[in-house]
């Protein structure tokens, strides 16, 4: 069934229409030579139009070692249909592809273009994907860092505001970032999902009168909480099994949900369980530099809270944080907070760095 559907698909790239036969032949279409990123798109489409019902996808590795998993093309198409329907995307709409094709977010942008007949514009992934853009897009997906960088330039900021539907994924939305886009005239959403859900299964509006701090799951998704209050996902259209996440959540009576933080981002200090994301939320208004929170072993408390910064700070600005056990017991300066390729804090790498740095002193 899926093979017949894929066989009939075409892809529109910068106004040019390409059929499956082009990607199954020995020749290479002209668009593939426009840039290295265009060529990677060609290789993905060649893989997509192959006879295999599966694709390999790499996880982001934000809290562990990145790994490759096999995903079904049919389920990827179902996921694409959910997003395109939610955003009312239609044939001919212009879509910006500015995310790596090594990960599910980039791959799903291409699949959405295939499903909805979108006109796809590939721009090599970078911190400033809108720098040389003159096209007004109907749809784009970005990571928070790309949105933040775009806001620093008036020209890029204007381009950002022209994107009719913008989804932001791959990391938490900083309150300052949301404040900067809350008055934008377009529709901007934060996404919730993971590689195993084939991109997102829920969206949260970030601007306009219907902005919210809760995610709205797709109608085909059923959510519950584990004994540890972590989110459990039943999404039969995109995942064959029930998914148990490490995300601590609250589910409202309306079925919408809020993410509190990750279970593996809890610091057990003196018997008190402290959520890393909660500390970062309290510290964020106090600092202008990049920072992150991690832990370090301690003979008295078991673990202590450690603040990692990229510039020297006055520790006194942290003294009023409440409750007092949220106040970091150590502050460590490093050159750069380690990030994954998708722009998330690499918690595992950071913890190892700080352990080695403190232990050496």
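No lab work stands behind these numbers, since they all come straight from the coordinates. Since this is a predicted model, take the numbers as computed values, not measurements. Positions of Cβ are backbone-derived with ideal geometry, glycine not excepted, and every protein chain shown enters the neighbour counts.
At a glance:
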| read-out | value |
| --- | --- |
| Highest-fluctuation residue, 90, 73, 26 considered, GNM on the chain with Cα pairs under 10 Å | 26 |
| In degrees, nearest ten, helix 347-360 long axis to first principal axis of the chain (Cα) | 40 |
| For segment 135-273: relative contact order, % (alpha-carbon pairs under 8 angstrom, 6 or more apart) | 14 |
| Cα coordinate range in segment 204-272, projected on the principal axes (Å, largest first) | 41, 35, 19 |
| Packing rank of 234-242, 327-335, where each peptide gets the mean count of other beta carbons within 10 Å, highest leading | 234-242, 327-335 |
| Spin-label pair residue 264/residue 85, simplified geometry with 7 Å Cα→Cβ offset, distance in nm | 3.3 |
| In nm, spacing of pseudo-spin labels at residue 333 and residue 136 (7 Å Cα→C-beta vector) | 4.8 |
| Pairwise Cα inverse-distance average, inverted: Kirkwood Rh of segment 84-223 (Å) | 15.1 |
| Cut-off 11 Å (backbone N to label point 7 Å along Cα→Cβ of residue 152), residues of segment 105-139 | 127-128 |
| Point-to-point label distance, residue 356-residue 172, nm (Cα→Cβ direction, 7 Å offset) | 2.6 |
| Theoretical FRET efficiency, 1/(1+(r/R0)^6), r = Cβ-Cβ of residue 5 and residue 349, R0 41 Å, to 0.05 | 0.50 |
| Kirkwood Rh in Å, taken over all unlike Cα pairs in segment 276-356 | 13.1 |
| Rg and Dmax [Cα atoms of the chain; Å; Rg one decimal, Dmax integer] | 21.6, 67 |
| Whole-number percent relative contact order across the chain, with pairs defined as alpha carbons under 8 Å at least 6 apart | 11 |
| Shape of segment 1-149, Cα gyration tensor, a/c cut at 1.5 | rounded |
| For 226, 183, order by how many other beta-carbon atoms lie within 10 Å, fewest first | 183, 226 |
| Among 351, 300, 162: highest mean-square fluctuation, GNM of the chain, C-alpha pairs under 10 Å | 300 |
| GNM flexibility winner over the chain from 189, 18, 215 (Cα, springs under 10 Å) | 18 |
| Length-normalised contact order for segment 58-168 - Cα pairs under 8 Å, 6+ apart - percent | 24 |
| Degrees, to the nearest 10: 73-86 long Cα axis against longest axis of the chain | 80 |
| Angle in degrees between helix 36-48 and the longest Cα principal axis of the chain, rounded to the nearest 10 | 70 |
| Normalised alpha carbon radius of gyration of segment 163-241 [divisor 2.2 N^0.38 Å] | 1.19 |
